[in-house]
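A.B. asks: Below you will find the structure I want to go over with you.
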Amino acid sequence: GFVFLPQLLGLALAGLSLARREPHGRRPAILAATLAIGLTVAWAVVLGLLFKWWATSR
């Protein structure tokens, strides 16, 4: 779980920025949330492929 911590922190901070309705903060917050979700999905795919390779190579 610790490998997802940076993505989760980025998502949480973006959510706080959106919830507080900070001026000129909406676009960067949406960009940060999108980037965090994209990195989380990409990392999950990489880990899944790595585990699949490891399981089939044994």
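Where a number appears in this text, it was derived from the coordinates with a stated rule and is not lab data. As the structure is a prediction and not an experimental result, all values here were calculated from the model.
A.B. asks: Grab the Cα-Cα distance for Phe4 and Arg20, subtract it from 0.36 nm times how many residues apart they are, and report the gain in nm with one decimal.
C.D. replies: 3.3 nm
A.B. asks: Turning to a different aspect of this structure: Can you compute the radius of gyration and Dmax for the range 2-56, using only the Cα atoms, both in Å?
C.D. replies: Answer for the range 2-56, Rg first and Dmax second: 14.6, 51 Å.
A.B. asks: Go ahead and estimate [θ] at 222 nm for the chain from helices alone: -39,500 (n - 2.57) per DSSP H run with n ≥ 4, summed, over the residue count, rounded to 500.
C.D. replies: Value at 222 nm, helices only: -28000 deg cm²/dmol.
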